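This report refers to the structure that appears directly beneath it.
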Amino acid sequence: MRSRATDIKKVLLVDDDANIRFITEMSLQGLTDWEITLAGTAQEALSAVTQVKPDLALLDVMMPGMDGVTLLRKMREQVDEANMPLVIFMTAKVQTQEIEAYKNLGAVGVITKPFDPMKLAEQIEGILNTA
């Protein structure tokens, strides 16, 4: 049986913080062969999810305008189930009830900010392999 991590080819990274986008992109490009697409807003992400058809979306929870939870709901409205990426939320809000709420929304996992860029790919793969 193949793990979900081995099925990942395209990743959509959505975060309003340019520094986090840069660090995450450099980390993942350096440690994986994934094609990374960046979005700084939820609106950019909604366009990218239909154009790029990512296998995985890394969504910041707290963004101005539209937060990550609302973005996930909008993605589900505009993307059919076959093209819906797996979702991992990235957030500093990591109370147990919040993590459970994110998973109940359909996220396969949550990554706590700040994260270690050198361990990020391994952390994502661990989430995908146990989801």
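Considering only GLY109, GLY68, GLY40, the mean-square fluctuation computed in a Gaussian network model of the chain, springs between alpha carbons under 10 angstrom, is largest for GLY40. Highest mobility in the GNM of the chain, judged by mean-square fluctuation with C-alpha springs under 10 Å and restricted to GLN51, GLN43, GLN78, is found for GLN51. A viscosity of 0.890 mPa s and a temperature of 25 °C, combined with the Kirkwood radius over C-alpha pairs in the Stokes-Einstein formula, give the range 10-104 a diffusion coefficient of 183 µm²/s. Here's the picture: charge each Lys and Arg Cβ at +1 and each Asp and Glu Cβ at -1 in the chain, and of MET118, TYR102, THR130 the one pushed furthest to the positive end of that dipole is THR130.
Take each complete run of DSSP H in the chain, measure how far its Cα atoms stretch along the helix's own axis, and keep only those covering 27 Å or more with mean Kyte-Doolittle hydropathy at least -1.0; list them. Before the final figure, lay out each step's value.
Working: long enough: none.
Once both thresholds are applied, nothing remains.
Model label points for PHE22 and ALA101, set 7 angstrom from Cα along the Cα-to-Cβ axis, are 3.2 nm apart.
Listed peptides 55-64, 85-94 appear in the order 55-64, 85-94 once ranked by packing, highest mean of other Cβ atoms within 10 Å at the front.
In debye, nearest 20, what is the charge dipole magnitude of the range 1-85 about its Cα centre with +1 on Lys and Arg Cβ and -1 on Asp and Glu Cβ, if you could check?
240
Strictly greater than 16 Å: what percent of every Cα pair in the range 57-131 meets that? Of the Cα pairs, 49 percent sit more than 16 Å apart.
Bear in mind that the values in this text are calculations on the coordinates, not laboratory data. As the structure is a computational prediction, the values presented were derived from the model and not from experiment. Note: ideal-geometry Cβ built from the backbone for every residue, glycine included; neighbour counts use all protein chains shown.
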